[in-house]
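**Q** Following this message is one structure expressed as structure tokens.
Computed from the coordinates by the stated procedures, all read-outs in this text should not be read as laboratory data. Being a predicted model, the structure only gives us computed values, none of them experimental. Counting neighbours? That spans all protein chains shown, and the Cβs are built from the backbone with ideal geometry, glycine included.
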Amino acid sequence: FYSECLGTIIQHFLDYYSQLSCFRHQDILLPVERGIFLLKSFPRDSQDSYGKEALNDCFRQIKEGFIARESTEEQPLSYKFFVAPVQTSFLHYQRIYQNLLWLASYQKTSMKTTSYLTDYLIELLLEQSKKELLAPLFHYDIQLIREMLDTHSFTETCQGLAQTDMKLEAAAGELHLHKNSVIARLKKIKDTLTINPIASPNDAALLRCLAFYLTSST
């Protein structure tokens, strides 16, 4: 949650959560520096093996109940959900929490209210890799980008496309640009690097790698 009264909001949520129909007695809520760390339990015999339907229902209840209740017309309550994959061992939770903090930082300027850690595995793995191992992989393309393109415009465009699964119109909204501006930027990128990230998943992955590498190297 993003609020000047964060402590109060957190306490209200702790009091309110057990009233939701998605609440299970095995759920664990931990107040943390940036909000709530919710360990959501699922029955092992559930057909919804990855919990997506249950999570979406839980998010809906939180939005329609708690967030709507805590918001005012003058000051709506801002929030973001960061979702980790299903875990079967408590030994993993410390690492998962650190990964979610990384995701929150990485998504700091994004308009998205719900982000799944698994959607950013490329960036997460690059973050945890040694830069000297990555440099030889990206050196030639990075050199082209620095010589032929504006690096800020490149990384901004790539991040907007990555946030929206390479959908041009959605990326334009994310970047607060006209769709034609995004198309023009993408054409320069395609011509410079001889790739087509819209049509090729491999090229899309490379684009994300290059943007992340450039951002983390500055």
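**Q** Hey, any hits in the stretch 157-177 for a residue that's part of a helix (DSSP H, G or I), of a type in the set (Lys, Arg) and at negative phi? Even if it seems obvious, please write down each step before you answer.
**A** Our first condition is that a residue be part of a helix (DSSP H, G or I); within the stretch 157-177, this holds for 157-163, 168-175.
So of that shortlist, the ones also of a type in the set (Lys, Arg) come out as none.
Scanning the stretch 157-177 turns up no residue that is part of a helix (DSSP H, G or I), of a type in the set (Lys, Arg) and at negative phi.
**Q** What number of residues in the stretch 177-200 are in contact with a Cys (Cβ under 9 Å, 6 or more places away or on another chain) and within 17 Å of residue 147 (Cα to Cα)?
**A** So in the stretch 177-200, the residues in contact with a Cys (Cβ under 9 Å, 6 or more places away or on another chain) come out as 189, 197.
Filter again for within 17 Å of residue 147 (Cα to Cα), leaving 189.
Count: 1.
Table: residues versus (1) surrounded by fewer than 20 Cβ atoms within 10 Å (Cβ to Cβ); (2) among the charged types (D, E, K, R).
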| position | (1), (2) |
| --- | --- |
| 171 | no, no |
| 179 | yes, yes |
| 184 | yes, no |
| 199 | yes, no |
| 202 | yes, no |
| 213 | no, no |
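**Q** Would you mention how many residues in the stretch 1-43 are β-branched (Val, Ile, Thr) and either closer than 19 Å to residue 114 by Cα or crowded, with 16+ Cβ neighbours inside 10 Å (or both)? Even if it seems obvious, please write down each step before you answer.
**A** Looking only at the stretch 1-43, we keep the residues that are β-branched (Val, Ile, Thr), and these are 8-10, 28, 32, 36.
In the following step, the residues that additionally are either closer than 19 Å to residue 114 by Cα or crowded, with 16+ Cβ neighbours inside 10 Å (or both) were identified as 9-10, 32, 36.
The total comes to 4.
**Q** What are the residues in the stretch 132-146 that are under 14 Å from residue 209 (Cα atoms) and surrounded by 12 or more Cβ atoms within 10 Å (Cβ to Cβ), if any?
**A** Selection gives 134, 135, 137, 138, 141, 142, 145.
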